[in-house]
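K.L.:
Take a look at the following structure, please.
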Amino acid sequence: MVLNKIYEFSEALYPSVARSPNDLRAPRSFSIDPSFVQPLLGADGITQRILPPGTALGSIPGSAKVRPLPRTRVATAAITGSTTTFAVSKNTARFFKAAEVLVAIQPLARVDFALTWADGDTATLVLDGRSVTYTVSAYSNLTTLAAAAAAFFAASFGPRYQFLSETQYLYVFEVDGKGRSTISASEVTAGTGTFAVNGGLTQLAPAGTAIGTILSVDAAAETITLTAAASNRLPIGAAIGVQSSLPTDANGEGLGFLSPTMPVDIEWGANTDYGAFVSGSFYRDRMPYLDGELTALFPELVFG
């Protein structure tokens, strides 16, 4: 589809920050640095640098310009100790550049199931002093055990944490990234089964756990290739990004999101200056990336 350049240009002339669904206040715009958006060749043979509807903006250290927030999620297959190339969420690979360092965005810990388990065995997880115990049923193997435990703990602990599993590993993420919860794990088993926090952590590892340095980005295939095998394992769905780019300015104010309804092609020069929304309604499933930090930062946004 060829974008309507004239309509986009008229929008670029009047950038505003939407403070409420029916109230556009004092014009304010950001200049987007196009070098932070990987180009794609459109069906018409014309180069495009497309930003999807609902793209969050991120800072560029030492620059007054902004970039699409370089965050995404692991997709298709988990990152393991041998991974060099992996897939990420749709419409996000283009926001990354070679030589940038990828990290886990949220505080995290991994809790490992090991050895022999059976029905009736229990696994207890304690987060910030709150203890929850999972009782094993219909046991078949460690992979299904970790998946069942992840679902149980997610329902029990609520939205403050995200629980994901990968083979026999249970990952715990602190969703808003603001704190670092204490953590411990224990088990009662009839056999040799163990349930232990990897690395002996007593607190979630801080945001910024290393994954690796980017060698190249394939925006069309939505993949990222590292210069060497990944430094740490991460499951499908884990949030990753570039820690030096934040969704806030120097004063800690949220930069906002681009239009909730239309894509922006910043290959066309006029579209590098654009307004950002900090309130209003967005379709969650159409946004390239969203996390707990962003929803906390923009409380006036409604995500459908």
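K.L.:
Need the C-alpha centroid separation for the stretch 37-73 versus the stretch 225-304, integer Å.
P.N.:
Each part's Cα centre sits 10 Å from the other's.
K.L.:
Tell me, how many Å apart are the Cα centres for the stretch 153-218 and for the stretch 103-152?
P.N.:
With the stretch 153-218 and the stretch 103-152 each reduced to a Cα centre, they are spaced 10 Å.
K.L.:
For the pair residue 85/residue 262, report the inter-label distance in nm, with labels modelled 7 Å from Cα in the Cβ direction.
P.N.:
So the label points at residue 85 and residue 262 sit 3.7 nm apart.
K.L.:
Separate question: When the Cα atoms of the stretch 30-74 are enclosed in a convex hull and the volume is divided per residue, what value in Å³ results? Numbers along the way, then the final one.
P.N.:
Values: hull volume 4.6 nm³, N = 45.
Hull volume over Cα atoms, normalised by residue count, gives 103 Å³.
K.L.:
For residue 178, list the aspartates and glutamates whose Cα falls under 14 Å from its own Cα; do not include residues on the same chain fewer than 8 positions away.
P.N.:
Hits, sequence-local ones excluded: 128, 291, 293.
K.L.:
Sticking with this one: Choose one of 63, 127, 51: the residue whose Cα lies farthest towards the positive end of the charge dipole of the stretch 40-152 (beta-carbon charges +1 Lys, Arg; -1 Asp, Glu; about the Cα centre).
P.N.:
63
K.L.:
Sequence-distant or interchain residues sharing an amide H contact under 5 Å with residue 66, placed H: which?
P.N.:
31, 32, 33
K.L.:
If you don't mind, another one. Mind ranking 71-78, 131-138 by how tightly packed they are, going by the mean number of other C-beta atoms within 10 angstrom, highest first? All intermediate terms of the calculation are to be shown ahead of the outcome.
P.N.:
On the way: 71-78: 20.1, 131-138: 13.8.
So the order, starting with the most tightly packed, is 71-78, 131-138.
K.L.:
Here is a further query. Where the eigenvalues come from the Cα gyration tensor of the stretch 116-202, what are the semi-axes √(5λ) of the equivalent ellipsoid, largest first, in whole Å?
P.N.:
On the way: eigenvalues 94, 35, 26 Å².
The three semi-axes for the stretch 116-202 are 22, 13, 11 Å.
K.L.:
OK, next. If I fit a long axis through the Cα atoms of helix 142-157 and take the longest principal axis of the Cα atoms of the chain, what angle between them do I get, 0 to 90°, rounded to 10?
P.N.:
The two axes meet at around 70 degrees.
K.L.:
What does DSSP give for the chain in terms of the percent of beta bridges that are antiparallel, rounded to the nearest 5?
P.N.:
Numbers: 61 of 66 bridges.
Of those bridges, close to 90 percent are antiparallel.
K.L.:
Then there's this: Please list 300, 293 from largest to smallest accessible area, probe radius 1.4 Å, with all protein chains kept in place.
P.N.:
Numbers: 300 110, 293 60 Å².
Largest accessible area first, the list is 300, 293.
K.L.:
Label points 7 Å out from Cα along the Cβ direction at residue 140 and residue 99: separation in nm?
P.N.:
Computed distance between label sites residue 140 and residue 99 equals 4.9 nm.
K.L.:
I've got another one for you. Using the basic label-point model (7 angstrom from Cα toward the beta carbon), what is the residue 64 to residue 223 distance in nanometres?
P.N.:
About 4.1 nm separates the two model spin labels.
K.L.:
Determine the gain in length on full extension of the stretch residue 188-residue 44; use 0.36 nm per residue of separation and subtract their C-alpha separation, reporting nm with one decimal.
P.N.:
Full-extension gain reported as 45.6 nm.
K.L.:
On average, how much accessible surface per residue is there in the chain, in Å², for a 1.4 Å probe, leaving out ligands, DNA and RNA? Please list the in-between numbers first.
P.N.:
Values: 13420 Å² over 304 residues.
For the chain, the solvent-accessible area averages 44 Å² per residue.
K.L.:
Residues with amide H under 5 Å of residue 111's amide H, sequence separation 5 or more or different chain, H placed in the peptide plane at 1.01 Å from N; which?
P.N.:
For residue 111, whose amide H was placed from the backbone, the distant partners under 5 Å are 170, 171, 172, 198.
K.L.:
Within the stretch 146-189, what residues put their amide N at less than 15 Å from the label point 7 Å along the Cα-to-Cβ vector of residue 131?
P.N.:
Once the point is set 7 Å along Cα→Cβ of residue 131, 183-189 turn out to lie under 15 Å by backbone N, inside the stretch 146-189.
K.L.:
Each residue of the stretch 249-256 in turn: what ³J(HN,Hα) in whole Hz from Karplus with 6.51, -1.76, 1.60 and θ = phi - 60°, glycine and Pro shown as x?
P.N.:
8, 5, 8, x, 8, x, 6, x
K.L.:
Select one label from (i) 114, 46, 37; (ii) 70, 39, 35; (iii) 85, 50, 46: the one whose number is Cα extents along the principal axes in Å as derived from the coordinates shown.
P.N.:
Identified label for the calculated read-out: (ii).
K.L.:
Still on this structure: What are the ³J(HN,Hα) values, in whole Hz, obtained from phi via the Karplus relation 6.51 cos²θ - 1.76 cosθ + 1.60 with θ = phi - 60°, for each residue of the stretch 64-78 in sequence order, with x given for Gly and Pro?
P.N.:
With coefficients 6.51, -1.76 and 1.60, one gets 7, 7, 10, 9, x, 4, x, 9, 7, 10, 5, 10, 6, 9, 5 Hz.
K.L.:
For the stretch 45-137, take the alpha-carbon Rg, divide it by the Kirkwood Rh, and send me Rg/Rh.
P.N.:
Details: Rg = 20.1 Å, Rh = 17.8 Å.
We get a ratio of 1.13 for the stretch 45-137.
K.L.:
Still on this structure, I have one more. About the Cα centre of the chain, how large is the charge dipole given +1 on each Lys and Arg Cβ and -1 on each Asp and Glu Cβ? Please answer in debye to the nearest 20.
P.N.:
Working: 20 positive and 25 negative charges, 48 e Å.
I would put it at about 240 debye.
The values are calculated or read from the model by the stated rules, or taken from the named source; none is laboratory data. Computed from a predicted structure; not experimentally measured. Here Cβ is always computed from backbone atoms with ideal geometry, including for glycine, and neighbour counts include all displayed protein chains. Protein only, heavy atoms only, side chains kept; ligands, DNA and RNA dropped before computing areas. Shrake-Rupley method; radii C 1.70, N 1.55, O 1.52, S 1.80 Å.
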